[in-house]
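Heads up: the structure comes next, in structure tokens.
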Amino acid sequence: MSAPENPSGTETPQPPARPHDTWAEWYDVVYDACFGDTFAWLTEATLNTVLTKASTGARIVDFGAGTGRIAIPLARLGFIVHAVEPSGPMLSQLVGKSAREADPIPITTEQLDIQSYTGRGEFDVALCVFTVLIYVTTVPELRAGLKAMSDALKPGGLLLIDFLMN
């Protein structure tokens, strides 16, 4: 099935699909079923790392925030969190989950690729965790993403990135 035609007779361009767009509502369920204890351990380890390196109230940008696995607990702990995520449906899940909290959690969001982010020196901590960088597939995108993350930080800020290793 092709896209509907517009009056000029050409196909209407469709926005590019993003990883996780089509299954965002099931993302947490699937990851918990597949990785349960390991994912819970990684989440706890990430939170503990941030807690040992940053004071409550610090400003944190979470690149590739997904459904808020890290952003929501950090906001719950008193950090000021900005979630950057390219998938609109994943951000919708994050916003919905944070709104359902007993005390709704204020998390600002931005639908954007890491490499397109243009914040300048606003954050104490920048996170790029849970294999987010596997979606950055070219060297120029990686360079742009690393620069964007670095530029987002205040002088002396902390950049926390994870990598898969065998």
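Each label point is 7 Å from the Cα along the Cα-to-Cβ direction; what then is the distance between the points at Arg76 and Thr22, in nm? Between Arg76 and Thr22, the simple spin-label model gives 3.2 nm. Taking the Cα centre of each part, how many Å lie between segment 97-148 and segment 17-89? About 10 Å separates the Cα centre of segment 97-148 from the one of segment 17-89. Taking the accessible area of the chain, probe 1.4 Å, and keeping the other protein chains in place, the carbon and sulfur fraction comes to 58%.
In straight-distance terms, cross-link reach from Lys154 covers every one of the aspartates and glutamates whose alpha-carbon lies under 12 Å from its own, apart from those fewer than eight places away in the same chain; here that gives Glu122, Asp124. What residues have an amide H closer than 5 Å to that of Gly64, excluding those fewer than 5 places away on the same chain, when H is modeled at 1.01 Å from N in the peptide plane? Hits under the 5 Å cutoff: Val84, Glu85. In this structure, the amide hydrogen of Leu158, modeled 1.01 Å from its nitrogen in the peptide plane, lies closer than 5 angstrom to those of Val125, Ala126, counting only residues at least 5 positions away or on a different chain.
The angle between the Cα long axis of helix 88-99 and the main principal axis of the chain comes to about 40°, on a 0 to 90 degree scale. The 3J(HN,Hα) values that the Karplus relation (6.51, -1.76, 1.60; θ = phi - 60°) gives for segment 139-156 are, in residue order, 4, x, 5, 4, 4, 5, x, 5, 5, 4, 5, 5, 5, 6, 8, 5, x, x Hz. Gly and Pro appear as x. With 10 Å bins beginning at zero, the pair-distance distribution over Cα atoms of segment 27-105 amounts to 18, 49, 31, 1 %. Rolling a 1.4 Å probe over the protein heavy atoms leaves Lys147 with an accessible area of roughly 120 Å². Between (i) 17.2, 59; (ii) 15.6, 49; (iii) 16.4, 48, which matches Rg and Dmax of the Cα atoms in Å calculated for the structure shown? Derived directly from the coordinates: (i).
Tyr135 contributes about 100 Å² of solvent-accessible surface, heavy atoms of the protein only, 1.4 Å probe. Of the whole protein surface, His20 contributes about 30 Å² of accessible area at a 1.4 Å probe radius. Label separation (Ser55 vs Arg100): 3.5 nm, computed from points 7 Å beyond Cα along the C-beta direction. Pairing the Cα long axis of helix 27-53 with the longest principal axis of the chain, what angle in degrees results, from 0 to 90 and rounded to the nearest 10? Between helix and principal axis, roughly 40 degrees.
What shape does segment 78-154 take by its C-alpha gyration tensor, where a ≥ b ≥ c are the square roots of the eigenvalues and a/c under 1.5 counts as rounded, a/b above b/c as prolate, and the rest as oblate? In terms of gyration-tensor shape, oblate.
The values are calculated or read from the model by the stated rules, or taken from the named source; none is laboratory data. Predicted model only: the values in this text are computed from it and were never measured. Every residue, glycine as well, gets a Cβ built from its backbone with ideal geometry; the counts of neighbours run over all protein chains shown. Note: areas computed on protein heavy atoms with side chains; ligands, DNA, RNA excluded. Shrake-Rupley method; radii C 1.70, N 1.55, O 1.52, S 1.80 Å.
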